Each structure stands twice: as structure tokens, then as C-alpha cells.
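If you scroll down you'll find the structure; I have some questions about it.
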Amino acid sequence: MSRKTLTIISLLFLSVTAILANQTQYNSTQNFDARLDSIKEILHSHEWQPVNEDNYRRMVELINFVEHTPIDTVVVNLRLDIENMPAFFYREIKDISEAEEVRGYINAETINQRIIEIENEIIDNTPLESILVPEEEFMGMYSQIPLITQNNIEQMLIDSIITIPDSLILKKLESENGNARNGSRRYRTETEHRLEQEAENDSLITVFLNEARKQYNDSLIDAFRDSVSYAYQSNVRQNIIENAKNEYIDQTSALNYRILKAYNDSLTTEINNAYRELLISMVNHVHRMPNTVTMYNLFGESSELPLQNEGVWFKWVQLKNMHNDSIGIRIENLGRNTMRVLVDEAVNLSRLTQRSSININQLQIESRTNHGLSKVTVPKPRVFPWKFVGRVYSGFTQTYMNEFWSKGGVKSASTMTTFNYDANYSKGKMKWENGVDMKLGFIYYIDENPNALRDWHKNTDNIELNSRFGYSAINNWYYSAEANFKTQFALGYSNNVAENPNSGFMSPAHLTFSAGLDYKPNNSFSLFVSPLSLRTTYVLNPDIPVGRFGLSEGETRRSRLGMTGRVNYSKEIFSNVSIRTRNNLFINFGRKDGELQTFKFPDIDSETTIDLKLTRYISTQINLHFIYDKELTSTWTDENEVEQSGTRLQFKEYLTFGLSYRF
């Protein structure tokens, strides 16, 4: 076959191949969208789940590559954005979640407190009597007052508004009776005298009624004027209060807006600058990423050709034919998708000719390039997971009277201090709540009893530590584990003449470990249920009798298994009134005196504290405490003066007035 014939056949073959390829490409393009939609339908289906997550991710990346702009075009456009766009992200001031942590920002609690102070200051500095009432407010006053006129003066007697004095009534009756007894035996002059006397009595009654009418009308007018004056003065003062409040709120809102705007603008600039630097580094990294091309010669020898932008390099590749003849070509990098191929001019094209040497300058050390993308981290404001709240309260009361005080009494002084501190951690599904509650108070009696060993009593003494760890289960329920510890500070005595104490530090002490579920729908309410709890009672002071705490003689501790329930609630009901209540329930699974305690009335410990804030640092505190514990033994005397012992409901209440500070 001649070379010309072979050339014609080759051209025909290439033409037919090109036609078939174009037809196949047309059909492929026509059906591509349908195939793409089918793949996406399966990938985004809720019914079909991927077997392998990595494979699923790669399929999603393939769809993104097909549907979106090629990476080189994205890089070019991003370079234009970096040069022309002043910012990439912004945040509305209303979306600032960390507003209360910004320096200088005035929070709602401070605003509410200041509003209360403004109202109190205006009330103190603007008494009602200092506000003048214009006379226009009293216009038409007499038409609105039910005054008694001269014509209906008898209505005062009918409505019992006024009663005629008995002296006037008796005088009139005596005059009438005297006239009846004398009859016709009196002379004409006596008759005239009688008529004059009756007229005089009637005149006195009339004068009395008129005077009473005037006084009654004057009282109605004064009452009406006082009512109108009070309403006007109260309205004027209330308007002053509202204007002062609105002015303060407007000023505070404007100040908060300026503070948050300056903070937000600064943070926005900082984040955008950081993001711009990260974006530049990532775009430059993608711009320089190599595009590796692998070339094989006739004998299967491969050469890796990394093409990349901004790269100046070359590489020599040896091509061979069937006779193992070699020819060296030089590959030069022109760009990520472009290369130039050059034949070495010094190569001899004769068969079986080999190069005797290679120029050392032609050797190139191939550097390894990291093909991965650097992770882009956008700095975000950090939300501190811990929340700390503390409160200290201290109250003092003193009573004194000298020996001449006739109403009796006892000179005394009392003091009480409470300390509460909560440290709570919340992040993701995990919560960790820690609390300390301490109370200590004394009453001192002066000259109460010369035979007393002590002149003081304890009115409250408590140490309680609580720690609860929770992990989110479902909705507002948490898997929780809790440790609770209770004891007291000082020694306690049944009375002032008792020599031995009946309680003290770690005598008793209660340590409870519980595990269960905690329900927290909000920050104010918590319901903890533990189907299995271990409660241990300690009496470590050898001078304290252990029997009254459920321990046998010689024991220093005793443990009980049971079920625990706890309900806690803490909320500020009004701007100056808050309540905090803790209610504990324990069901003992064991026995006492041979009886199973599971189905007996449970042990209860309920304490409620109400704070009434008068000013920022002065408040009143009311505390109610109920305890019913079958392990604690109480003694009392019945109506027959016989001493009894057993379990009784214990109750304590105190009301104090003192200083309060939150931190």
C-alpha cells in the first residue's frame, strides 16, 4: 500500500471519528442535565442514606464543581473584590449578643434601679403641698357640690346630718308644758310673755340650724377643694416623674447606642481586616497551587510536570521510539494551564546516537508543594461560659430599756448575716451548677438570767454546698449527677443553762450523692428527680449526743439509700421583690425500728427566702424554713406535763432589715 493511499484512509478514518464524536457529545450534553438532576435527587433524599460519608462528601463536591463557577474564575473575581470592597461582613447593633459585656454599656437592671431612684427623689423633693393649684381648676365647683340651702334646711334633720341639742328641745318643751298648766288662769300679760318666749326658742333653733348649715357647706367645699387639689397636684408630680424617666431613658438609650455603635464599628473593622488577610492568603495559595500533568514515553517511563502560576522552572524529559532511540525535550512552565515544549538543539537525531553528558545546570530539584487548602478561621466574639452571681446580706436589731420601764421586756441585740454565691457553667449540651449558701445569726440577751452560762442564742446557722453536673438528654431534660453537703458553723445549746452542746460543726453533717434527671425549662425553675441516692449523716464531735440524729451510740456516721426529689425556683417577681425557694424530698429505702420506711411519709426540707429591696443597698428579708426528718428526734411536754419524744415538723421564720449587696 502506497503512502498516499495510507494518508487518504487515515483522513477518512479521522473524519468519521470526528463526526461520531460530535454526535456523541451532542447526545451527552442533551442528557447531562437529566443525569445531574437524578444524582441530586438521590443525594438530597431523606429516604436514602449514604453508606460512606467520605464518598458522599466527594459526590457533593463533584456536584458543586459542575454547577458553580470554576476555581480560576472565582480567584480572579475574589481578587477584584479584595481590591474594591471596603468590607465583607457587617452586623446590626440589635444583633449584638454580648452587649452587656461591653465597657460602659448600661444594662436593664441598672436602668430600672435608676428609674426607681428618680421617682423616689422627685417624691422626696417635690411634696404635694409645694405645687400651686390654679383657680381655674375650681371653676364650676359650686354646681358640683350638694350644698344645703336655706329652703331645704330641714333636709339636714331628715338625713340626720345634724341633731338639735337636747337643751334647746327641753327648753321648748318646758315652755309649752308651763303654758298648758297655767291655762286661762294667767293674765293677758302672761300670755304675751309666753308668746315672746316661744318666739325666742324658735329663733334659737333657727340660728343653730343656720350655723350648722354653714359649717356643713364649708366642710363640703373644703373637701371638694382638697380632692381637686390632690388630684391636680398628684397629676402634676406624676407628669414630672414621667418626664424625668423618659428623659433618662432617652439619654441612656442614646448613650448605649453610641457605645454599641463604636464597639460594633471597631469590631467590624477588626474582623473584616482579619478576614481580608485570610482571604488574600487563601486566594494566593489557590493561585499558586500546582496542576500536575503526568507524561509517559513509549517504554512507560513517567515524568511529573507541575504547572502553576508565578512559577519559573523547566524540566527535561526523554522521549523514545521503538528502537530505544532518545530525544531530550525541555518543558517550561508558563502558567497553571500552559506549558512550552522545546527540542534541545544539541541533540543528534541520528539513530543509536546517545548523549555523552548532561549539563549540570539542567538538573532541577523538584520541591514538594502542599496541595491542601489552609483552614480559614474567622474570629468571633467569645462568649464566656461561666456565670457568677453573689449576694451578701447583714441585719442588726437592738433593744434597750432601763430599770424604770414599766411595761416589761428584755434588753437584747440580734444580728444575722447571709451569703449566697452561684457559679454556673453552660456550654453546648453541658451544664455545671455550683452553689454556696451560708447563714449565721445570734441573739444576745443582756441581764436575762444571772445563773445563765451564756448570754446568747443562735437564731440561724447553716452551711450548704451544692454541685450538679448535667448533660442534655432531650428538650429541657438533662442527665444529672449531684452532690449536696449540709452542716453548721457554731455550737448549739438547748437553753442558756445547758452545759453540753446538742449540735456543732460536722455534728450533724449530711452528704448526699444523687444521679437522675434534671428538668430545666428556663433559668428560674429546676426539677431534679433521682431514683437512687446515697445520704450519709455524720456526727464527729464526741460531746454531741448522736441518738437525736438517728445514729446508735458509738457511731460517727450512718448511710441511707433512697430516692431524692428537689424543686428549686428563683425569680425576680417585681423590680424590687425577688423570691428563692428550695424544696428537698427524700424517701428512705431502709428500715427504722424494724419498720420499712419506703411507704412512710417522706423527709422534707423546704426553705423560702423573699427579698424586698428598699434601696440599692437596703432591703428586708423574710425566711421560712420547714424540716420534717424521721431521723431527727424532738422532745416536748404534753398537756399532762409528761415529756414526749419523736418526729415533729420543725418550723423557723425570721424577718430582718439590713444591708444587701450583689456582685
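Any read-out appearing in this document is the output of simple, stated calculations on the displayed coordinates, not a laboratory observation. Everything quoted here is computed from the prediction, not taken from an experiment. With ideal geometry, Cβ positions are generated from the backbone for all residues, glycine too; neighbour counts draw on all protein chains shown.
For the stretch 540-586 and the stretch 230-303, what is the separation of their C-alpha centers, rounded to whole Å?
So the two Cα centres are separated by 50 Å.
Can you give the FRET efficiency for Leu204 and Leu612, using 1/(1 + (r/R0)^6), R0 = 60 Å, r = Cβ-Cβ distance, to the nearest 0.05? If you can, show how the numbers build up before the last one.
On the way: r = 60 Å, r/R0 = 1.00.
Plugging the Cβ-Cβ distance into 1/(1 + (r/R0)^6) gives 0.50.
Using packing as a proxy for protection, rank 88-100, 565-577 so that the peptide with the highest average count of other Cβ atoms within 10 Å comes first.
On the way: 88-100: 11.8, 565-577: 15.2.
Averaged packing, sorted descending, gives the order 565-577, 88-100.
With the cut-off at 31 Å, report for the stretch 386-662 the share of all Cα pairs above it, as a whole percent. Could the numbers behind the result be given before it?
Numbers: 13854 of 38226 pairs.
Across the stretch 386-662, Cα pairs with separations above 31 Å total 36 percent.
Separate question: For a quick protection proxy, order the peptides 313-322, 32-41 by their average other-Cβ count within 10 Å, most packed first.
On the way: 313-322: 13.9, 32-41: 10.8.
My ranking of the peptides, most packed first, is 313-322, 32-41.
I need the calculated FRET efficiency for the pair Ile443 and Asn273, taking r as the beta carbon distance and R₀ as 60 Å, to the nearest 0.05. Show your work: numbers first, answer last.
On the way: r = 65 Å, r/R0 = 1.09.
Given R0 = 60 Å and the Cβ-Cβ separation, E is 0.40.
Could you list the trypsin sites (Lys or Arg not before Pro) in the stretch 450-513 that lie in coil according to DSSP, counting only those with at most 16 other Cβ atoms within 10 Å of their Cβ?
Arg454
Ok, one more. How high is the relative contact order of the stretch 386-662? Use alpha-carbon pairs under 8 Å, at least six apart in sequence, and give a whole percent.
Working: 701 pairs, mean separation 32.6, N = 277.
Answer for the stretch 386-662 is 12 percent.
At 7 Å along Cα-to-Cβ for each site, give me the label-to-label distance between Trp313 and Arg591 in nm.
Roughly 8.7 nm, to one decimal.
In the structure shown, do any of Lys245/Lys431; Lys429/Lys600; Lys387/Lys486; Lys94/Lys571; Lys94/Lys520 have a Cα-Cα gap over 32 Å, and if so which? Don't jump to the answer; show the numbers that get you there.
Working: Lys245/Lys431 39 Å; Lys429/Lys600 37 Å; Lys387/Lys486 24 Å; Lys94/Lys571 26 Å; Lys94/Lys520 28 Å.
Violating the 32 Å Cα-Cα cut-off are Lys245/Lys431; Lys429/Lys600.
So, in nm, how far is label Glu211 from label Phe651 when the simple model puts each one 7 Å beyond its Cα toward the Cβ?
5.9 nm
Let me check I've understood the local charge: for Thr564, count other residues with C-beta under 9 angstrom from its C-beta, Lys and Arg +1, Asp and Glu -1. What total comes out? Could you put the intermediate results ahead of the total?
Numbers: positive: Arg535, Arg566; negative: Glu482.
Summing Lys and Arg as +1 and Asp and Glu as -1 gives +1.
Sorted by packing (mean other beta-carbon atoms within 10 Å per residue), highest first, where do 609-620, 492-503 land? Can you show the working numbers first?
Values: 609-620: 16.0, 492-503: 13.7.
Final packing ranking: 609-620, 492-503.
While we're looking at this one, here's another question. Could you derive backbone 3J(HN,Hα) for the stretch 415-432 from the dihedral phi with the Karplus parameters 6.51, -1.76 and 1.60 (θ = phi - 60°), listing whole Hz in sequence and x where the residue is Gly or Pro?
Each residue's phi maps through the Karplus curve to give 9, 8, 10, 10, 9, 10, 8, 10, 10, 10, 10, 9, 7, x, 8, 10, 10, 9 Hz.
Follow-up question, since we're still on this one. How far apart, in nm, are two points set 7 Å out from the Cα along the Cα-to-Cβ line at Thr397 and at Asn321?
Placing both labels 7 Å beyond Cα along the Cβ direction yields 11.8 nm.
Considering only the other residues whose Cβ falls under 11 Å of the Cβ of Ala515, what net charge follows from Lys and Arg at +1 and Asp and Glu at -1? Don't jump to the answer; show the numbers that get you there.
On the way: positive: Arg468; negative: Glu482, Asp518.
Local charge sum for Ala515: -1.
Additional query: Using only the C-alpha atoms of the stretch 622-663, find the volume of their convex hull and express it per residue in Å³. Before the final figure, lay out each step's value.
Working: hull volume 4.8 nm³, N = 42.
Taking only Cα atoms, the stretch 622-663 has a hull volume of 114 Å³ per residue.
While we're here: Can you compute the FRET efficiency between Glu137 and Glu242 using 1/(1 + (r/R0)^6), with r the Cβ-Cβ distance and R0 = 25 Å? Round to the nearest 0.05. Intermediate values should be presented prior to the final figure.
On the way: r = 20 Å, r/R0 = 0.80.
The computed FRET efficiency comes out at 0.80.
For the stretch 26-99 and the stretch 591-621, what is the centre-to-centre distance using only Cα atoms, to the nearest Å?
59 Å
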